[in-house]
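Some notes on the structure that comes next.
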Amino acid sequence: MDAASAPTSKWSQLTQGNVFLEFVDVTLRGCAQVMFQNNPLTGLLFFAAIFVGAYGEGNPAVAYGAVLGTVVATLTGLNLKDRKSWKAGLYGYNGCLVGAALPTFLDVTPALWLCIILGSMVSVIVMICIADILKTWKVAALTAPFVLVTWIMLLASYAFGGLNSSVLPVPNLPHELVAVNSSLFDGIHLVDGTFYGISEVFLFSSVIGSVLLLAGLAVSSVWAAVFGLCGSLLAILVATVLQAEHTSVNNGMYAFSAVLTAIALGSTFNKPSRRVLIYTLIGVIFTVFVQGALNTLLAPVGIPTLTMPFVLASWLFLVPNKDVMPHHRQ
């Protein structure tokens, strides 16, 4: 046994004989699974990053919502027969994102917390539904349950007076569709934008939070950390060359889905190799285009894209993956 695995083994022994610690372990893994990691220490670092980012932006409800969403989704998954998936935290990560997203876009009221509880529970049901549909192609549901549940609740907020938002844009047809910049890299904050692209997976912008997230990834998989960081940087460069609106580029809005695509294609569902690297580069670049397309498509209804660009791009690249790179698939 090496030194790195010793703490994990001791923790595993503790969780086996204690129901409460086992639930804490699964909840932490649920947060870690947002970036495809099955490691409680990674989840702890992710939660720490979320709290740093949420308090740094003056909206601590995002952090508490993420914890609440993960706990509720994990409790919901406890009632399902697939115990293996539950222990890996696979029923918790969509709830974590729902819990972080709703306080980001909606005012903090008692109704909001009820929406987080409901949305986190439903995210588990939606995940099972989507996974059942996609099992023919052996493709995971990814964060599609989070996106669908959050989209529905944000759209519903326009119809219900009890759900108010000072953040969501007013639904309107887009006017100036093309942002023209006088100089490609003039005004682009490459370093900050790259790190913000990582933290924006959890809907906040924080360099420190991003470092914690990368540390959490590295604890579980160094390759995941490398692909995540490089995916964000590549997305920033691609969006800049395409002359995307600079504020969105600097805030990581074109990079966070690309981060997940890079980790998914590069290290989670494929074994890292030169062939996989090329495939991942193509997938990340295409994700930037999907991001721009969905930004335009959803502007008239006034809701954010969330991680749907990552979901669509990854599905499109993972379904044929068994034929394109059968020897690299894992």
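Only the coordinates and a few stated rules stand behind these numbers; no lab work does. Quick caveat, the model's predicted, so the values are computed rather than measured. In this analysis, Cβ positions are derived from the backbone assuming ideal geometry, glycine residues included, and neighbour counts consider all displayed protein chains.
Cross-link pairs exceeding 19 Å in C-alpha to C-alpha distance, out of LYS81/LYS135; LYS10/LYS271; LYS10/LYS81; LYS10/LYS87; LYS87/LYS271, comprise LYS10/LYS271; LYS10/LYS81; LYS87/LYS271.
Packing, as the average of other Cβ atoms within 10 Å across residues, places the peptides 72-83, 254-265, 120-131 in the order 254-265, 120-131, 72-83, highest first. Basic side chains Lys and Arg get +1 at the Cβ, acidic Asp and Glu get -1 at the Cβ, and with that the dipole of the stretch 1-168 about its Cα centre reaches some 460 debye.
Here the gap between PHE185 and HIS327, fully extended at 0.36 nm per residue and compared with their Cα-Cα distance, gives a gain of 47.2 nm.
Exposure proxy ranking for SER232, SER9, SER273, SER166, based on other Cβ atoms within 10 angstrom of each Cβ and starting from the fewest, stands as SER166, SER9, SER273, SER232.
Were the residues from ILE125 through ALA293 laid out at 0.36 nm apart, the gain over their Cα-Cα distance would be 57.6 nm. Helical runs assigned H by DSSP (4 residues or longer) give the chain a calculated mean residue ellipticity at 222 nm of -20500 deg cm²/dmol, each run adding -39500 (n - 2.57) before division by the residue total. Placing +1 on the Cβ of every Lys and Arg and -1 on the Cβ of every Asp and Glu, with nothing else charged, gives the stretch 169-330 a dipole about its Cα centre of roughly 700 debye. This ranking places GLU245, GLU22 by how few other beta-carbon atoms lie within 10 Å of each, fewest first, which gives GLU22, GLU245. Positive end of the dipole of the chain, charges at C-beta (+1 Lys, Arg; -1 Asp, Glu), about the Cα centre: which of LEU106, VAL219, MET153 has its Cα farthest in that direction? Checked the options; the winner is VAL219. Peptide packing: for 196-204, 63-71, 292-300, the average count of neighbouring Cβ atoms within 10 Å per residue gives the ranking 196-204, 63-71, 292-300, highest mean first.
Taking label positions 7 Å along the Cα-Cβ direction at both ARG83 and ALA111, the computed distance is 4.2 nm, reported to one decimal. For MET35, MET153, the sequence from fewest to most other C-beta atoms within 10 Å is MET153, MET35. Compared with the alpha-carbon gap, the fully stretched path from LEU14 to VAL211 is longer by 68.0 nm at 0.36 nm per residue. Charging the Cβ of each Asp and Glu at -1 and of each Lys and Arg at +1, and nothing else, the dipole of the chain about its Cα centre rounds to 1180 debye.
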